[in-house]
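Just so you know, all these numbers are worked out from the coordinates, no wet-lab data involved. Only a predicted model underlies this, so the values are computations on that prediction, with no experimental measurement involved. FYI the Cβ positions are ideal-geometry reconstructions off the backbone, even for glycines, and counts take in every protein chain you see.
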Amino acid sequence: MSGALPGEGEFWFNITTGQVESGPMADWSKLLGPYKSRAEAELAMSKVRERNEQWDEEDEEEED
């Protein structure tokens, strides 16, 4: 057993602070991830926005 905590060595985006964390440091309800790299975690909110826009467009198409 390595003694590593769950999520340790991975990167997380904290939606409250807007910062990337190395290993989960905040409450799970405030985190997006895990991500394999800091760069990937830094793009988390832009990916969320893109997906939300895509889903909104799909919903609008279904309503038509």
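For Glu10, the residues whose amide H sits under 5 Å from its own are Gly23, ignoring neighbours fewer than 5 places away on the same chain, with H placed 1.01 Å from N. Charged side chains reduced to their Cβ positions (Lys and Arg at +1, Asp and Glu at -1) give the chain a dipole of some 920 debye around its Cα centre. A Förster radius of 30 Å combined with the Cβ-Cβ distance from Glu62 to Thr16 puts the calculated FRET efficiency at roughly 0.35. Relative to the dominant Cα principal axis of the chain, helix 44-63 is inclined by about 30°.
Taking a ≥ b ≥ c as the square roots of the eigenvalues of the alpha carbon gyration tensor, the chain is prolate, as a/c is not under 1.5 and a/b beats b/c.
Each helix, a run of at least 4 DSSP H residues, gives -39500 (n - 2.57); summed and divided by the residues of the chain, these come to -12500 deg cm²/dmol at 222 nm.
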